[in-house]
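Undergrad: Can you keep this structure in mind? I'll have questions shortly.
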Amino acid sequence: MSEMIELRSDTYTKPSKGMREAIAHAEVGDDMVGEDPTVNRLEARMAELFGKDAAVFACSGTQSNQMGVWAHCQCGDELLIESTGHIANYESGGPAVLSGVSVRRILGDQGRLNVDQLEGQIRGGNHHFAPTRLLCLENSTNLGGGRTYPLEQLHRVCDWAHENGLRTHLDGARIFNACVANGYRPDQIGALFDTVSICFSKGLGCPMGSILVGSRETVFRARRARKIFGGALRQAGIPAAACLYALEHNIERLAEDHANARIFAQMVSDIPGIRVDAGKVETNLVFFEIEKEVGTAAQLSSALKEQGVRINPTGPHRLRACTHLDVTEAQVRRAGEILREILFAGLRLESSVGGTYG
Ligand SMILES: Cc1ncc(COP(=O)(O)O)c(C=O)c1O
C-alpha cells in the first residue's frame, strides 16, 4: 500500500529538513536561569508579535494554558469557558488539580461565546458561589469545528469581561490559523487578552513547544507555575530554534491547509451517507458525520485506515479530518475519493445484504 494519508491531526507533522537544520545549529544555555539565547530570542519575538511585555516558553499547549489559569486565579476561584473548550475537556481536570479552580461551561456557538451568552454568568459576593475570576476563549476552536472569532466579537466579549472585573485568557493553540483565515494581526489579538497561549506543535510543524504571552507581572507568575508544574527546562534552545524557524517559514502557508480543508469538505459533501457543512470550514479542521443507517464513525475510520487514510472518530457518528503541512492537495483529493469509494461500496452492500457497510 502507498504511504498513509495522515489527516488525524496537525500534531502528527514531523520537522522538515530546514527545521532540523535550525535545531542542529541552535545556540543553547541554561534556560532555567534565563541563559538560553535561543529561548530568549523566541520569547522576545513572541512578546513583540503579540504586543505584550513578556513571554514564557512551555512544553505544551496544555502546560501554557494551565500556567495561565494558575497565574490569573487563586485556589477556590472559578473560570468560564465555552462547553467544548480544550481547557474544560482535554486537560485532565488541570484547573482543579493544579490551581484549585472550578470550571463552568457555557453553551456557545461552535466553540465561540458572545456577550448575550455570558451575561448574568458572573458570580461572587455570596458565600454560596465560587468567585468568577477568569474567562477563557479558544480561537480557532478545536471541538467547535475549526471556527474563528470575528475581531469585533472578540472586542465585545473581552471588553465585557474586563468591565466586569474578569481576567481574559485565550487558548490560541491555532491562533495563527485564525489570523491567516481572518486577516487580523497577532498584536490585535494580544491587545484584547491578558494572556494568550500559542502552540508551535500543531499547524506550525514543530516537534514541541508553546508560549504564553502577557504582562511582565503575569508572565512572572506563569513562570513560577511552570516551575511548580515541573516544566522549567535547561537547554530549551533546541526546540525553541524550531519555533523560530516556523515563525519565518510556516505561517503564511497555513492558507494552503485551509484551502485543502475546503477541497476535502466540498468533496465529502457530495457523498451520500455523509453530512458536512462545507460552508462552515474556515481553517484546517473538517468535522463530518456519517448517517446512522450507513454505519458508525469507528467503522468508517477503520475502513479508511485499511485504504491508507487516517481520520479519527470524535463521536459515535462524527469524525474530524485535519489538514497540515505534511499533506498535499493531491493526497487530500485522494482521501476524498477513497471516502467516496468506501461509502459507495458500503451502500451497495447495505442494499444487497441488508447490513451496514463492511
Ligand atoms: C485548542 C487546543 N488547546 C490546547 C491544546 C493542547 O496542546 P498540547 O497537546 O500541546 O498540550 C490543543 C491540542 O490539540 C488544542 O487543540
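Undergrad: Asp10 - would you say it is open to solvent by less than 10 Å² (accessible area, probe 1.4 Å), touching a strand residue (DSSP E or B) at 6+ places or on another chain (Cβ under 6 Å) and more than 16 Å from the ligand (Cβ to nearest atom)?
TA: Spelling it out, it is not the case that Asp10 is open to solvent by less than 10 Å² (accessible area, probe 1.4 Å), touching a strand residue (DSSP E or B) at 6+ places or on another chain (Cβ under 6 Å) and more than 16 Å from the ligand (Cβ to nearest atom).
Undergrad: Kindly list, by first and then second residue, each pair from a residue in segment 57-71 that is under 18 Å from Arg45 (Cα atoms) and touching a residue at least 60 places away in the same chain (Cβ under 8 Å) to a residue that is open to solvent by 40 Å² or more (accessible area, probe 1.4 Å) and within 9 Å of the ligand (Cβ to nearest atom), limited to pairs with Cβ atoms under 7 Å and residues at least 6 apart or on different chains.
TA: Pairs that qualify, where the first residue is under 18 Å from Arg45 (Cα atoms) and touching a residue at least 60 places away in the same chain (Cβ under 8 Å) and the partner is open to solvent by 40 Å² or more (accessible area, probe 1.4 Å) and within 9 Å of the ligand (Cβ to nearest atom), are Cys59/Met208.
Undergrad: In segment 139-172, what residues are over 23 Å from Ser210 (Cβ atoms) and of a type in the set (S, T, N, Q)?
TA: Passing the criteria: Gln153, Asn164.
This table checks each residue for (1) charged (D, E, K, R); (2) crowded, with 16+ Cβ neighbours inside 10 Å; (3) part of a loop (DSSP other than H, G, I, E, B).
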| position | (1), (2), (3) |
| --- | --- |
| Gly120 | no, no, yes |
| Asp159 | yes, no, no |
| Leu170 | no, yes, no |
| Ala181 | no, yes, no |
| Tyr184 | no, yes, yes |
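Undergrad: Turning to a different aspect of this structure: What are the pairs, 6+ residues apart or on separate chains, where a residue within segment 193-214 that is within 8 Å of the ligand (Cβ to nearest atom) has its Cβ under 8 Å from a residue that is aliphatic (A, V, I, L, M) and in a loop (DSSP other than H, G, I, E, B)?
TA: That search, which allows pairs on different chains as well, returns Ser197/Ala173; Cys199/Ala173; Ser201/Met208; Lys202/Ala173; Ser210/Ala173.
Undergrad: Look through segment 215-238, keep the residues that are out of contact with any Gly (no Cβ under 9 Å at 6 or more places or on another chain) and among the aliphatic types (A, V, I, L, M), and return whichever of them is nearest to the ligand (Cβ to nearest atom).
TA: This residue is Leu233.
Undergrad: Do any helices (runs of 4 or more DSSP H) entirely within segment 211-275 hold 3 or more residues that are open to solvent by 50 Å² or more (accessible area, probe 1.4 Å) and closer than 26 Å to Ala47 by Cβ, and if so, which?
TA: Passing ranges, in order: 216-228, 237-249.
The values are calculated or read from the model by the stated rules, or taken from the named source; none is laboratory data. Everything numeric here is computed off the predicted structure, so don't read it as measured data. Cβ coordinates were reconstructed from backbone atoms using ideal geometry, including for glycine residues, and neighbour counts include every protein chain displayed. Please note that ligands, DNA and RNA were not included when accessible areas were found on the heavy atoms of the full protein model with its side chains. Shrake-Rupley method; radii C 1.70, N 1.55, O 1.52, S 1.80 Å.
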